[in-house]
Amino acid sequence: VDRAVAEMAIPGVVYHHNAQNMGSGRNLHAALSMASGDVIVVLGDDDLFANSSALAGYANAFTAAPNAQFAYSNLIQVDASLSGTLLYTFFDDDIIYSAGVQAMEHMLLRSILMTGIGLRRSSLIDKYYPRTNLLYPQVELVGRLLVEGDGVGIGSFLCATRSHSEQLGFKAIKGERIKEGQQHGVIEIPEIIRELIEDYPPLAITKPLLEKELLKSFTTNIVNEKVVTGNRAVAKNAYDLLKRSRFSSASIVMTVA
């Protein structure tokens, strides 16, 4: 897409094309660095705003919570034809979670699915963005931001995430489309949580709950991963998770078998 054409097509849009493939993690950091507004909302190239007032919804959330560094809304999952297939109802109403333990317990794992991550633009983003090339850098960033500030759960469905076989997470399971150092979530995310707790010891109280929720989310997704990537790749990731989580159970083994 030509830059001039892209910017003319949608007023207010600034189009930037990287000279070379930076990988998803470094590309996200570059995009965040170029943002100029007070509020940043992250969408993947296959994601959508669910309605015309979505951006206003994020802006209102940050206005209502002056100490918030992270906001996230309920999501609609759509298929390739943009038909709704699933609702992710994370929050019944708008709610503010206090910085630290409460925000970590209720907000950190929402950031695994990058669709609709809302950030308050500040120097903290560059300060806390991981320098290593992670597949899920937003999880570490959000974790560190939630130590500094509150998190806001938005009870409306503001964004839509599209589920399809070309998603980076599915490719990563098979070792495709990833850059040096990047690993699938069953490896990266538990390590991110461990490092956050090492740096902020009071967060240790959150570890059992976060591990249980991680196991539940990964186990639930195994069925989809099997369909898209095949048994062998999924089995390797599942057993990597089993080795890393003391909350592992026979159910995950039965699902993979």
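Every number in this text was worked out from the coordinates using simple rules, so none of it is lab data. Small disclaimer: the values here were computed from a predicted structure and weren't measured.
Once you have the alpha carbon radius of gyration of segment 59-101, what is it after dividing by 2.2 N^0.38 Å, with N set to its residue count?
1.50
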- Note on the structure: Normalised Cα Rg of segment 1-151, dividing by 2.2 N^0.38 Å with N its residue count, works out at 1.06
- Note on the structure: Residues whose built amide H sits under 5 Å from the amide H of Asp150, excluding neighbours closer than 5 in sequence, are Ala68, Gln69, Ala99
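Report the extension gain between Leu86 and Met22 in nm, rounded to one decimal, defined as 0.36 nm multiplied by the number of residues separating them, less their alpha carbon distance. Mind showing how you got there, number by number?
Numbers: separation 64, 0.36 × 64 = 23.04 nm, distance 3.17 nm.
Result: 19.9 nm gained on full extension.
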- Message: Taking 0.36 nm per residue of sequence separation and subtracting the Cα-Cα distance, how much length would be gained by fully extending the chain between Asp38 and Asp199, in nm to one decimal?
- Response: 55.2 nm
- Return the long-range amide H neighbours of Leu135 (sequence gap of 5 or more, or a different chain), with a cut-off of under 5 Å between placed amide H atoms. Gln183
